[in-house]
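Worksheet: one structure, shown below.
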Amino acid sequence: MITYDKLWKTMKKKGISQYDLYTKYNMNRSQLDRLRHNKNVTVITLDRLCNILDCPVEDIIEHFPDDNDRF
């Protein structure tokens, strides 16, 4: 499972709010909602966030093993 809990901590550390993301950086509110609920987002969205926050992707996402995703 992928979570975006680190995103909110990184945003706070960098002094960037959700309001800033959709007003100053033109992030779509539906994308922010998807992130809040740990839903799928595109790699382009992750890339934009890394550029906005000037951070590596590891400061935005975290992976936890999920027993339900057996191949």
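The values are calculated or read from the model by the stated rules, or taken from the named source; none is laboratory data. Keep in mind that this is a model prediction, so the values were computed, not measured. Quick reminder, even Gly has a Cβ in these numbers, built from the backbone with ideal geometry, and neighbours come from all protein chains shown. These area figures cover heavy atoms from the full protein model, side chains too; ligands, DNA and RNA do not enter into them. Shrake-Rupley method; radii C 1.70, N 1.55, O 1.52, S 1.80 Å.
Brief remarks follow.
- Residue check, residue 12 part of a helix (DSSP H, G or I), open to solvent by 70 Å² or more (accessible area, probe 1.4 Å) and in contact with a helix residue (DSSP H, G or I) (Cβ under 7 Å, 6 or more places away or on another chain): no
- Meets criteria (over 14 Å from residue 1 (Cβ atoms), open to solvent by less than 60 Å² (accessible area, probe 1.4 Å) and modelled with pLDDT under 95) for residue 32: yes
- Among the candidates 38, 51, the residue that is of a type outside the set (A, V, I, L, M, F, W, C) and under 23 Å from residue 66 (Cβ atoms) is uniquely 38.
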